[in-house]
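Written below as structure tokens is the structure these notes are about.
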Amino acid sequence: MIGIYGGTFDPVHFGHLRTAVEIKALFDLDEVRLIPCANPPHRTAPLTPPAMRLQMLQLALANSQGLVADGCELDRTGPSYTVDTLRELRAAHGDTPLLLFMGMDAFADLECWYQWPHLFDYAHIVVMTRPGFTVPADIGSKRDRLVSNAALLQHAPGGKLFFQHVTQLDISATAIRNLIAKRQNPRFLLPDSVIDFIRQHNLYQHESLV
Ligand code: ATP
């Protein structure tokens, strides 16, 4: 099974990386593909060019077997729709189950995503939750897809919905950008190799822009 973990990764940090390690182990995934969104349809475009966000991911994952920085969304023009990414991955990976990971916030907005019902044509969706969470009552037609046993995800290439508790460290890219803009040290929030890259390229220098 292959995990798909998308984000802006502006920059990638230990919150993302801890999650990637944890989901790989929890679901016994062959790999987790971390995919920077080139042109996010649902939020303001990051100031950092997609190629640089991909480079930071590559540095962060340099020694992490089974965690892959995937630049597939950089090769397309226009908004980066997840359904297009999943279609490409499905074409590349035959019947291997694909697990699309997303946070609760993203799941709450899922019905605004371009062609959202078709996401399930290509992948399972795994919603990453926090402790004390219960499945919302108002998930509509998605309830028919809900499974409570992760083992069932192995038996189909996609189509199911699963909720999984995952550790979420209290780190955000926004906070890191703000620290850097204030000339404070972001060390231990993200890999040193990524900090070096940020310094070399003078990223996130102006708080008003982050
Ligand atoms: P920003 O602060 O710029 O919004 P972010 O830190 O939230 O960025 P994103 O790149 O937007 O990071 O997030 C990508 C994915 O990682 C999303 O699914 C998000 O829910 C998840 N994520 C973000 N921060 C954490 C964290 N600290 N722990 C676990 N998952 C996280």
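Any read-out appearing in this document is the output of simple, stated calculations on the displayed coordinates, not a laboratory observation. What you see is a predicted model, and the numbers here were worked out from it, not measured in a lab. When we count neighbours, we look across all protein chains shown, and the Cβ atoms used for this are built from the backbone with ideal geometry, even at glycine.
For the reader, a short list of remarks on this structure follows.
- Cα long-axis angle, helix 50-60 against the chain (0 to 90 degrees, to the nearest 10): 90
- Net dipole in debye of the chain [+1 Lys, Arg Cβ; -1 Asp, Glu Cβ; about Cα centre; nearest 20]: 420
- Radius ratio Rg over Rh of the chain, counting only Cα atoms, Kirkwood formula for Rh: 0.96
- Cut-off of 10 Å, at most 16 other beta carbons, DSSP loop: longest stretch of the chain lacking such chymotrypsin sites (Phe, Trp or Tyr not before Pro): 1-113
- Loop-exposed trypsin sites (Lys or Arg not before Pro) per DSSP, neighbour cap 13 Cβ within 10 angstrom, longest uninterrupted part of the chain: 44-181
- Using just its DSSP H runs of length 4 or more, each adding -39500 (n - 2.57), the chain gives a mean residue ellipticity at 222 nm of -8500 deg cm²/dmol after division by all residues.
- Each residue of the range 61-75 is assigned a 3J(HN,Hα), and the resulting list reads 9, 3, 10, 10, 4, x, 10, 10, 7, 10, x, 4, 6, 6, 8 Hz, derived from the Karplus form 6.51 cos²θ - 1.76 cosθ + 1.60 (θ = phi - 60°), x at Gly and Pro.
- Helix 82-93 vs. the chain, principal-axis angle (Cα, 0 to 90°, nearest 10): 70
- In Hz, Karplus ³J(HN,Hα) per residue of the range 146-157 (6.51, -1.76, 1.60; θ = phi - 60°; x = Gly, Pro): 5, 10, 10, 10, 4, 4, 5, 5, 6, 8, 8, x
- Environment charge at residue 103 (Cβ cut-off 12 Å; Lys +1, Arg +1, Asp -1, Glu -1): -1
- Built amide H within the under 5 Å cut-off of residue 6, gap 5+: 35, 101
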